[in-house]
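J.: If you scroll down you'll find the structure; I have some questions about it.
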Amino acid sequence: MCNACKGNYYITTPIYYPSSNLHIGHAYCTVATDTMARYKRLQGYNVKFLTGTDEHGQKIEEKAKEAGVTPQQFVDNIVLGEKGVLDLWKLMNISYDRFIRTTDDYHVAAIQKIFKKMYDNGDIYKGSYKGKYCTPCESFWTESQLVDGKCPDCGREVHDAEEEAYFFRLSKYADRIQDLLENTDFLEPRSRVNEMVNNFIKPGLADLCVSRTSFTWGVPVDFDPGHVVYVWIDALFNYMTALGFENDKYDDLNDFWPADVHFVGKEIVRFHSIIWPAMLMSLDLPLPKKVYGHGWLNFNGEKMSKSRGNVVDPYVLSERFGVDALRFFLLRTFPFGSDGNFTNEMLISTINTDLANTLGNLVSRTVAMNQKYFGGQLGQGGAAAPLDEELKALAADVCAKYEQQMDKFQFSVALNEVFRLLDRANKYIDETTPWILAKTEENKPRLLTVMKNLCECIRLSAILITPMMPETARKIFDMLNVPAAARTWDAKCYCADENAVWNTVTGAVLFPRIDMEKELAALEELSKASKKPAIEIEPYAEENVDFDTFCKSDFRAVKVKACQNVKKSNKLLQFTLDDGTGTDRQILSGIAMYYKPEDLVGKTLVAITNLPPRKMMGRESCGMLLSAVHTVNGEEKLNLIMIDDAIPAGAKLC
Ligand code: ME8
C-alpha cells in the first residue's frame, strides 16, 4: 500500500462467457464497476479492478465444434479478435488493472491445486451423479427439466443413468452461509438475501456436483483423468488466482484479498453468495467483504440477446451516440440494484435532456459569455451577493450526498445530485441575467462574480462526473483551463471569491441535440438489416431409402397454364399444367395461404408425377408439386420450387 493513499480497494466484475460477442446488457456491469473503480481512485485509493473471461465449459466446446475450430481458437477470436472483448473494453474506456482468462496456464494449474486441497480436506468426495440421460445430447437432466418426459433439447427419449462424479460438501456450510447472509451486510441489496435464503437455503442445500466426464474442455482433475472441474469452481476462483493465489504469476494477495466488492448480475448471485463463500470457508480463507447483485436490462421489454441485432451492439451504440453518453445513460437511468428496460427513445431523450440541454448548454453558455464579456479572462475582483451563498451551500450539500450515494453504489441517485447542481446553476443564469449586467460598466464587478460562480459550479460538476464520463469531464476541465490539482477529489471546496481567476476557451459542442424521429428511423433500419432470421429446419429422416426406390420417383418440369382457388377450400389451389405430353395434367396443392393463383401462371415448377391419383374436394390430383417448408422466426413458410424457365415442360429431373 502506498503511503499517500487512503488504502487498497479491490473490485471485480463477473468474468464474461465468450460464447458470442457481448451486448449492451453485458457492458452494464463493467461500466458500473469501472465507475466505482474510477471513483475510488479519485478519492485516493489504490485500486485493483479485475475483469476477464470465463472460457471453459460444454457450451464453448459445442460452439467451437459448430464453427469448425478448436475451443481455444474459438475463445481467442472472441476475446482477442477484432471487435472482441478486449477491443470493447478499450472502446468503452474500461480502466481495468488486470484481465484474467481462465485458460491462462497459471490459473489452470492453480485450480488443480485448489480442487486437490478440497479433496484432501474431505470437502470434495467421489460419488455418483444420478439423473435422466439423453444419449444423443450426452446430457443429464433432472426430472423437472424434462419436457413431457423427454429431453428438453432434442425431444428424444431419456433413460435413468448414473455417472461417477466428484461432489462438494455444500450442505455442510448451510448454517454458516445462512448466518452470513441474514446477519451481515455480505450480500446487497437486501432483497437478494431473502431470495437466496427462501429459495435455496431453507429448502435444503444439496452437495454440489463439481466434476464432469461428458466433455473435455475444462480444467482436468489431475489425479483422476477423464474428469474436468465444474466451470463455476474454475470461474469463481479467478478472483483470487488473479492476485496470485496458488500461483507465482502475481503477488497481490496480501494487499488486495479479501475483495471489497464483487459486482454481479442477479442470476449469478446464488453462485457468489452461497457456493463461493462455502468454498472459501472450506479452505479457511477470508470472505469477500461484499457481493452486490445488480438488476437486468431488458430491451423494449424483452430479454436482451445478440440475436436482436445491431441495436444492442455496444459498438453501434457508441459510434452513434458516443461512449460517454452511453455510459451515462446506463448509470443515470437504471437504479443499480433493480431491473430496467432499455429503449432507444429513453436513450435519445436522456441525451437530449440531461446532456445536451442541462450540462452541455450550461457549459457552452458560460464559456460563450466569458468570451463575450471578458475575452475569456476572469481576473481578480468582483461583487458577491446573497444568492451566491445559496449556490455555494447547495454545491456543498450535493457533494456530500453524492459521496453517500456512491458509497452505496447508487449511481443514478448520485447523478441526480449532480443534476441538482447543474439545474440550479442554469437557474442562476436566469436569475442573475448576465446579459443585462453586461450593459452597464458599474455592473461589471457583479457580472465577474456571476461568471466565476458559474465556472465553479461547472468545475465541481466535472469532478463529480469524472467516474461516469471521464472524457467529458476532461473536455470540460480543458475548456475551463482547470489546473490538474483542481480536478481532484480534494479540490471540492467551493471558491468563487475575489481571488479566484479563470481563463476559459470555447470548444466544440459537448453533446449535439439528436433528432429523435430521424434517429429512431435510422436505428430501425439498422436493426432490420442486422437481424438474422432464426431458421428452423425439419429433422432429417433417420431411415435411408434404397437407391432403386428413389430412382422410381418420376420428377418432371411442368409449366403452369392456369391456376385457381378451389371453391369452399381456403387451402387448395388447382393447377392446370403443361407436362410436355400434350395433355394437360391437373394437380391440387394445399398452398393457397402462401400464393395468389394469378402469380403462379407461367412459372416452371417441379412435380412428382408417378404418385397414384388422389381425389381432393371431389377433384382429381395427378401428382404433387415440390416445395420447401421451413420455419423463420417461429413462422411457418413455404416456397414452391421454381426452376429455370428455359427448362422445357416434361424434362425429367434426376
Ligand atoms: O455469468 N442486463 O457470464 P456471462 C444486465 N461467466 N446484466 C447482464 C445482462 C443484461 N441484459 N446480460 C448479461 C457469467 N448480464 C459467468 C460469470 S463470474 C465468476 C462468472 C450480466 O457472460 C450477467 O448478469 O453469462 C453477468 O453478471 C455478466 O453479464 C456476465 O454474464
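J.: If the only charges are +1 at each Lys and Arg Cβ and -1 at each Asp and Glu Cβ, what is the size of the charge dipole of the chain around the Cα centre, to the nearest 20 debye?
T.: Computed charge dipole of the chain: roughly 1440 debye.
J.: Between the helical axis of 470-479 and the dominant principal axis of the chain, each derived from Cα atoms, what acute angle in degrees is found, rounded to the nearest 10?
T.: Compared with the principal axis, the helix lies near 40 degrees.
J.: Check cross-link reach from Lys117 to the aspartates and glutamates: straight Cα distance under 16 Å, and skip same-chain residues fewer than eight apart.
T.: In chain and number order, the partners are Asp222, Asp224, Asp234, Glu246, Asp284.
J.: For the range 193-262, what are Rg and Dmax over the alpha carbons, in angstrom?
T.: Rg then Dmax for the range 193-262, in Å: 16.0, 41.
J.: Right, next: Hey, what do the phi angles of the range 601-616 turn into as Karplus ³J(HN,Hα) couplings, whole Hz, using 6.51/-1.76/1.60 and θ = phi - 60°, x for Gly and Pro?
T.: Those phi angles translate into 4, x, 6, 9, 10, 10, 10, 9, 9, 9, 8, x, x, 10, 9, 10 Hz.
J.: Hey, another quick one. Helix 71-80 sits at what angle to the longest principal axis of the chain, using alpha carbons and giving 0 to 90 degrees rounded to 10?
T.: Helix 71-80 sits roughly 40 degrees off the main axis of the chain.
J.: Related question: Where the centre of each part is set by its Cα atoms, how far does the range 603-654 sit from the range 468-506, in angstrom?
T.: Centre-to-centre distance over Cα atoms comes out at 75 Å.
J.: Hey, got the Cα dimensions of the chain along the principal axes, in Å, largest first?
T.: Per principal axis, max minus min of the Cα coordinates gives 107, 73, 40 Å.
J.: Compute the relative contact order of the range 537-653 as a whole-number percentage, counting only Cα pairs closer than 8 Å that sit 6 or more residues apart in sequence.
T.: Relative contact order, the range 537-653: 29 percent.
J.: Per DSSP H run of n ≥ 4, the term is -39500 (n - 2.57); total these for the chain, divide by its residue number, and report the mean residue ellipticity at 222 nm rounded to 500 deg cm²/dmol.
T.: -11500 deg cm²/dmol
J.: Kindly write out, for the range 411-425 in residue order, the coupling ³J(HN,Hα) from the Karplus curve 6.51 cos²θ - 1.76 cosθ + 1.60 (θ = phi - 60°), rounded to whole Hz, with x marking Gly and Pro.
T.: Residue by residue, the range 411-425 yields 5, 5, 6, 4, 5, 4, 4, 4, 6, 5, 5, 5, 4, 5, 5 Hz.
J.: Given a cut-off of under 8 Å on Cα pairs at least six residues apart, what relative contact order in percent is computed for the chain?
T.: Dividing the mean separation by the residue count of the chain yields 11 percent.
J.: Evaluate the charge dipole of the range 64-185 about its Cα centre and quote only its size in Debye, nearest 20, assuming +1 on the Cβ of each Lys and Arg and -1 on the Cβ of each Asp and Glu.
T.: 280 debye
J.: Per residue, what volume in Å³ does the convex hull of the Cα atoms of the range 558-637 enclose?
T.: 102 Å³
J.: Among the lysines, select those whose C-alpha is under 26 Å from the C-alpha of Lys528, and discard any that sit fewer than 8 residues away in the same chain.
T.: Counting by Cα, and skipping residues close in sequence, Lys528 has these lysines nearby: Lys63, Lys83, Lys303, Lys306, Lys518, Lys637.
J.: Roughly speaking, what is the centre-to-centre gap between the range 355-409 and the range 57-102 when only Cα atoms are used, to the nearest Å?
T.: 44 Å
J.: Still on this structure, I have one more. Between 0 and 90 degrees, rounded to the nearest ten: what's the tilt of helix 58-67 against the longest Cα principal axis of the chain?
T.: Orientation of helix 58-67: about 60 degrees from the principal axis.
J.: Here's another thing I want to ask about it. Read phi for every residue in the range 344-356 and hand back ³J(HN,Hα) as whole Hz from Karplus 6.51 cos²θ - 1.76 cosθ + 1.60, θ = phi - 60°, with x for Gly and Pro.
T.: Working through the residues one at a time gives 5, 4, 5, 4, 5, 5, 5, 5, 5, 6, 7, 8, 6 Hz.
J.: Next question. Aspartates and glutamates within cross-link reach of Lys266: Cα-Cα under 18 Å, excluding same-chain residues under 8 positions apart?
T.: Correct list for Lys266: Asp54, Glu182, Asp185, Glu188, Glu195, Glu302, Asp339.
J.: Which of the peptides 237-250, 392-405, 543-556, 361-374 is most tightly packed, and how do the rest follow, judged by the mean count of other Cβ atoms within 10 Å per residue?
T.: Those peptides, ordered most packed to least, come out 237-250, 361-374, 392-405, 543-556.
J.: Using 22 Å as the Cα-Cα cut-off, could you pick out the over-long pairs in Lys559/Lys596; Lys439/Lys492; Lys6/Lys401?
T.: Beyond 22 Å: Lys439/Lys492.
J.: Still on this structure, I have one more. Given the peptides 8-21, 337-350, 106-119, arrange them by the average over their residues of other C-beta atoms within 10 Å, most packed first.
T.: 8-21, 106-119, 337-350
J.: Plugging the Kirkwood radius over Cα pairs into Stokes-Einstein for the range 510-654, at a temperature of 25 °C and a viscosity of 0.890 mPa s, what D comes out in µm²/s?
T.: Estimated via Stokes-Einstein, D reaches 134 µm²/s.
J.: If you don't mind, another one. With an 8 Å cut-off on Cα pairs and a minimum separation of 6 or more residues, tell me the relative contact order of the range 343-503 in percent.
T.: With pairs under 8 Å counted, the relative contact order is 32 percent.
J.: Among residues other than Thr506 whose Cβ falls under 15 Å from its Cβ, what is the net charge (Lys/Arg +1, Asp/Glu -1)?
T.: Taking every other residue near Thr506 into account, the sum is +2.
Read-outs throughout are calculated quantities, based only on the coordinates presented, and are distinct from any laboratory measurement. The shown structure was predicted, so the numbers you read here are calculated from the model rather than taken from an experiment. Glycine gets a Cβ as well: all are built from the backbone with ideal geometry, and neighbour counts include every protein chain shown.
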